[in-house]
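The values are calculated or read from the model by the stated rules, or taken from the named source; none is laboratory data. These figures come from a predicted structure and were not determined experimentally. All Cβ positions, glycine included, derive from the backbone under ideal geometry; neighbour counts span all protein chains shown. Just the protein is used for accessible areas: all its heavy atoms, side chains included, with ligands, DNA and RNA removed. Shrake-Rupley method; radii C 1.70, N 1.55, O 1.52, S 1.80 Å.
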Amino acid sequence: MAKKTKKPNQKMQKWIEARKRHHLSHAQVHMARELGMNPAKLGKIDNHKQQPWKLPLPQFIEELYFKRFGKTSPEAVLSIEERCRLKAAKKEERRAARLRAVDSATTREAPLR
């Protein structure tokens with residue numbers, strides 16, 4: 001039976017939509033998130049070809065990232081979907097460990113007869 005994949009939360013869903021709408025790569029989305037950008041406001045920053053003085057959004061994000069962090073790209077780039085998958089797996093692992101700890105604690109406390 002195939003495992004049902006869970007949709008990313010609303011915050012991550014906005015980044016996925018922004019990536020598609022503005023034609024950004026996974027690395028550029030990662031950079032924008034590290035810079036603290038708001039996915040809803042990326043349209044204001046984007047060049048709509050009516051403002052020749054503005055850089056296109058992908059190059060603008062890369063330039064800001066270089067200015068702030070001094071490197072051209074992040075070391076480990078994960079897509080939003082992969083990041084959500086890893087977060088869900090970690091949460092499930094913690095949940096299972098917590099259940100095992102509670103189970104072992106209840107068996108230790110049980111009186112012997």
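What residue, of 94, 98, 85, 33, is open to solvent by 70 Å² or more (accessible area, probe 1.4 Å) and over 20 Å from the mean Cα position of the chain (by Cα)? Talk me through it step by step, then tell me what you get.
Values: 94 fails: over 20 Å from the mean Cα position of the chain (by Cα); 85 fails: over 20 Å from the mean Cα position of the chain (by Cα); 33 fails: over 20 Å from the mean Cα position of the chain (by Cα).
Answer to the selection: 98.
Conditions tested, residue by residue: (1) open to solvent by 60 Å² or more (accessible area, probe 1.4 Å); (2) assigned to a helix (DSSP H, G or I).
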position	(1), (2)
61	no, yes
76	yes, no
90	yes, yes
105	no, yes
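List the number of the failed condition for residue 48; all other conditions in (1) part of a helix (DSSP H, G or I); (2) surrounded by fewer than 12 Cβ atoms within 10 Å (Cβ to Cβ) hold.
If we test residue 48 against (1) part of a helix (DSSP H, G or I); (2) surrounded by fewer than 12 Cβ atoms within 10 Å (Cβ to Cβ), just (1) comes out false.
Would you mind finding the one in 52, 39, 8 that is out of contact with any strand residue (DSSP E or B) (no Cβ under 9 Å at 6 or more places or on another chain), of a type outside the set (D, E, K, R) and modelled with pLDDT of 90 or more?
Numbers: 52 fails: modelled with pLDDT of 90 or more; 8 fails: modelled with pLDDT of 90 or more.
Answer to the selection: 39.
Is it the case that some residue within segment 68-77 is among the β-branched types (Val, Ile, Thr), touching a Lys or Arg at 6+ places or on another chain (Cβ under 6 Å) and without any contact (Cβ under 8 Å) to a residue 60 or more places away in the chain? Can you show your working first?
Taking segment 68-77 as the starting set, the residues that turn out to be among the β-branched types (Val, Ile, Thr) are 72, 77.
Adding the requirement that they be touching a Lys or Arg at 6+ places or on another chain (Cβ under 6 Å) leaves none.
Within segment 68-77 (the criterion being among the β-branched types (Val, Ile, Thr), touching a Lys or Arg at 6+ places or on another chain (Cβ under 6 Å) and without any contact (Cβ under 8 Å) to a residue 60 or more places away in the chain), the answer is no, since none of the residues qualifies.
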